[in-house]
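The values are calculated or read from the model by the stated rules, or taken from the named source; none is laboratory data. Since this is a predicted model, take the numbers as computed values, not measurements. Ideal geometry is used to build each Cβ from the backbone, glycine not excepted, and the neighbour counts take in all protein chains shown. The area values use the complete protein model at the heavy-atom level, side chains included, leaving out ligands, DNA and RNA. Shrake-Rupley method; radii C 1.70, N 1.55, O 1.52, S 1.80 Å.
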Amino acid sequence: MPQKKSVYLETFGCQMNELDSELVTGQLESLGYEIVDRDTSADVVLYNTCSVREQAENKAWSRIGLVSQRKRDGEEIILGVLGCMAERDGHDLLRRHPEVDLMCGPGELDQLPMLLDNIARARALELQRQAPLEHRVALGGSRSRRWSTLQAAQDNLEMLDLSRAFHPDPSARAAGRSAYVRITRGCNKFCTYCVVPHTRGAEVHRPPADIVEECRILADQGVLEITLLGQTVNHYCYTHGTALSVAGKEVAQVGPGLNAFRKRELRRETATRTTSFADLLHLIHESVPSIQRLRFVTSYPRDFGDEVLQVIADSERICSYLHVPAQSGSNRILKLMNRGYSVEQYLDFIERACALIPDVSIAGDIIVGFPTETEEDFEATINLLRKVPFKNNFIFKYSERPGTVARGRFADDVPLATKKRRNNELLAVQAEVSAAVHQRWVGRETTVLVEQISKQEQTRTRKNSLAAQGGVTLTANGASLEQTQLSETPNSVPKQLSGRTSGDLIVFFDCPPKTSPETLIGTIQPISITRSSALNLYGTLNG
Ligand code: 5AD
Ligand code: SF4
């Protein structure tokens, strides 16, 4: 690298993007780049974008617009767009913002240092020639991968995943005690509304040995909680002995397709040669005992066999937490969405999960206002929410995504006002359901991975310190306090901490007197739950 540069990287969208950003950051840091937390102090500004929903995309467009303007005003910044928008929207992006210097799709992130290096060299050359700086674009995205095989691309990406283990970001997630590990990339399901199969490509499964190795390295570095990531994690299935191998080492392979899940007989015959998701969970649980919490997202409601549920039930350190998006409670809409299951099948799965896993915690996603959704379809979704003990549901208003089947096939005919109303109605129903789920924990003891000094606490401390400089502040109940009183307040009010149970419920509790709250962050603590709300649990630290 010609010279040390500072990099600002902002992430939009999902956990998969968060992991990608973590990998990119680790990779750039190891190459001598300095990671900064303000775009105004960076030589290189990178946006890791998401196309799944319009809102995240609009936010990214606006950020890109602001930096483009700064470049037009003469600031020397390298502007890079990573992730789904670079993959899907490349030409449009460059047409709208010719200031963008580089684009790099989610499948090419291992090439980012090379792209940055190319730009730096090109600029140095221009300066040497005393010529005005001509605009250069280093294109990542699938174009650059046309000539290479899928296998080679996957191998390089595999190295990027494995390399992260050596450069974890200690400031992230519960003081470095919580980490993501990818088990599959891409998706083959082609739900009609979804852009993911178009931006992240075909479903590819990592070899179990690599996944276990990554978990082990993270555990050795003090990680207590690992979240396995994939678009449909329960469809993980690695077939041994058939994939190409490099020097005897297994490599990532394209997923087996739906038949592998339907033909149970066939699977049993070949059971010794495959690692199923249940096998993988068991393998990690047994091979890396210092991982206290093993979680996974996101699950696909179909083909969720009892073996997986049984492994979760039998393994103390596998979290009883399932994120299984239903998307709709109407069979007609599920069909138009190409989800491949019925409401009855979804409910059958939930029943099995609740029967086999004590205290199972269930979360989901719902889309309201899918094309042609009637009041009757929407009522069916409300009914589904009332039947399932969802701890929470992420509720999204349908938005048409470019390149998806739904966009070509259906008119986006549910008015925005109707989508908003249905969204609000569902949120209200979900609040009632969540309140009941949280209420069940009152009077019980649970364990909490402590993550942070609670946000309210941070606000209170900030207000107090502002007041210490300026005079008056607000107390927790909103009344004004004189500065003289304040000198006693920060010490006498216990600090509040927050964390998550193994079922992903958020818990607030007061830090005991004489304990520094920072020492509890990143530890797992026993908490007695004393009260609850729709969103949270509240309790006291035991012992
Ligand atoms: N419109 C609205 N929500 C969407 N999701 C995916 N695509 C769309 C879309 N076009 C939601 C789904 C998915 C979650 C990650 O985003 O609920 O589970
Ligand atoms: Fe998108 Fe459906 Fe794949 Fe989930 S399963 S990523 S919603 S196509």
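Odds and ends about this structure:
- So ILE226, is it outside the structural domain of VAL450 (by TED's automatic domain parsing), touching a His at 6+ places or on another chain (Cβ under 8 Å) and away from ligand 1 (no atom under 16 Å from the Cβ): no
- Among (1) open to solvent by less than 10 Å² (accessible area, probe 1.4 Å); (2) within 14 Å of ligand 1 (Cβ to nearest atom); (3) within 22 Å of PRO415 (Cα to Cα), the one test that PHE378 misses: (2)
- Scanning the range 184-199 for residues that are open to solvent by less than 30 Å² (accessible area, probe 1.4 Å) and more than 8 Å from ligand 2 (Cβ to nearest atom) returns THR184, ARG185, GLY186, THR192, THR199.
- Every pair of residues 6+ apart whose Cβ atoms lie under 6 Å, when the first sits in the range 226-242 and is on the phi > 0 side of the Ramachandran plot while the second is open to solvent by 10 Å² or more (accessible area, probe 1.4 Å) and not in a strand (DSSP E or B): GLY241/ARG273
- Meets criteria (touching a residue at least 12 places away in the same chain (Cβ under 8 Å), outside any strand (DSSP E or B), more than 30 Å from GLY408 (Cα to Cα) and away from ligand 2 (no atom under 16 Å from the Cβ)) for ALA313: yes
- All positions within the range 293-304 that are open to solvent by 10 Å² or more (accessible area, probe 1.4 Å), in contact with a helix residue (DSSP H, G or I) (Cβ under 7 Å, 6 or more places away or on another chain) and either in a helix (DSSP H, G or I) or more than 16 Å from ligand 1 (Cβ to nearest atom) (or both): ASP303
- From ASP365, ASP348, residue being within 30 Å of VAL311 (Cα to Cα) and touching a Phe, Trp or Tyr at 6+ places or on another chain (Cβ under 6 Å): ASP365
- No other residue among LEU416, LEU427 is of a type in the set (A, V, I, L, M, F, W, C), within 16 Å of ligand 1 (Cβ to nearest atom), out of contact with any Lys or Arg (no Cβ under 8 Å at 6 or more places or on another chain) and open to solvent by 70 Å² or more (accessible area, probe 1.4 Å) apart from LEU427.
- Set side by side, the residues PRO289, PRO325, PRO358 differ, and just one is assigned to a loop (DSSP other than H, G, I, E, B) and either open to solvent by less than 30 Å² (accessible area, probe 1.4 Å) or among the β-branched types (Val, Ile, Thr) (or both), which is PRO325.
- Matching residues in the range 44-81 - criterion: being within 16 Å of ligand 1 (Cβ to nearest atom) and open to solvent by 10 Å² or more (accessible area, probe 1.4 Å): VAL52, ARG53, GLU54, GLN55, ALA56, GLU57, ASN58, LYS59
- The set of residues in the range 386-407 being within 14 Å of ligand 1 (Cβ to nearest atom), assigned to a helix (DSSP H, G or I) and farther than 22 Å from ASN58 by Cβ consists of VAL405 alone.
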